[in-house]
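The structure appears right after this line, and notes come after that.
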Amino acid sequence: WNSRGELVGVNNKRLGVCGWLLFSLTFLLVIITFPISIWMCLILVLPCIDVFVKVDLRTITCNIPPQEILTRDSVTTQVDGVVYYRVYSAVSAVANVNNVHQATFLLAQTTLRNVLGTQTLSQILAGREEIAHSIQTLLDDATDLWGIRVARVEIKDVRIPVQLQRSMAAEAEAAREARAKVLAAEGEMNASKSLKSASMVLAESPIALQLRYLQTLSTVATEKNSTIVFPLPMNILEGIGGISYDNHKKLPNKA
């Protein structure tokens, strides 16, 4: 951080010969016009006696460097952020604090560490906006006496150790595999229920089985196949099986 004079524009230059000449003339003018000015409510500023301070009222960006954070679940991480603020009361910014910009910077660092220290790593990764809003509220309340208005706080990056990243990746992969197995099991169960319902319907209506047989033949015929297999109905197979069985029984008698 720079000095206070560079931040708020304090005029610390010494007067030269012309400055002292103007100062003498101004002082003489004040003495001569004192009876008139005191009744006319005129305010005269004396150089070298009154200090000129120039305060920037535009929005200022304050980058918070990476802070070492120990989360509530005992995980060490580094978090950096940015704070946007502006001076809305120049008198309070100069009179109530020695260096308003450095004070705001240090307060932003400590507030970031304190707030993130009460959260777990998963809460920090999932709730950045809520945490940034709470930090903004705390900073705005604390710097109101200094004439500072905190407009916005953003958490830029959350750095975690490489080993922890691998553990989190393995945990996420295991969770995805478990969900895939559950979905596959649910699909098989639903399919088995559908097959059971279909078998019950076919058992109650033999006509439906024949319609299904004809539909299958139509589907096979529409495809460009060089060989088409025609499955025989069950009654024909049963008849053939019965005939072969009778012939087999008659052969020993002929012998």
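Here are the numbers for the structure shown:
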quantity: Subset of segment 119-176 (residues that are of a type in the set (Asp, Glu), over 20 Å from the mean Cα position of the chain (by Cα) and under 30 Å from residue 57 (Cβ atoms)); calculated: 140, 141, 144
quantity: Residue match in segment 191-198 (condition: modelled with pLDDT under 90 and surrounded by 11 or more Cβ atoms within 10 Å (Cβ to Cβ)); calculated: yes
quantity: Extreme residue, surrounded by the most Cβ atoms within 10 Å (Cβ to Cβ), among residues of segment 44-66 that are modelled with pLDDT under 90 and not in a loop (DSSP other than H, G, I, E, B); calculated: 47
quantity: Some residue of segment 9-20 being closer than 26 Å to residue 132 by Cα, part of a loop (DSSP other than H, G, I, E, B) and modelled with pLDDT under 90; calculated: no
quantity: Pair list, Cβ under 7 Å, 6 or more apart: segment 151-179 residue touching a residue at least 60 places away in the same chain (Cβ under 8 Å), other residue among the polar types (S, T, N, Q) and not in a strand (DSSP E or B); calculated: 151/59; 152/136; 153/136
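The values are calculated or read from the model by the stated rules, or taken from the named source; none is laboratory data. No experiment lies behind these values; they were computed from the predicted model shown. Note that each Cβ is placed from the backbone with ideal geometry, even for glycine, and that neighbours are counted across all protein chains shown.
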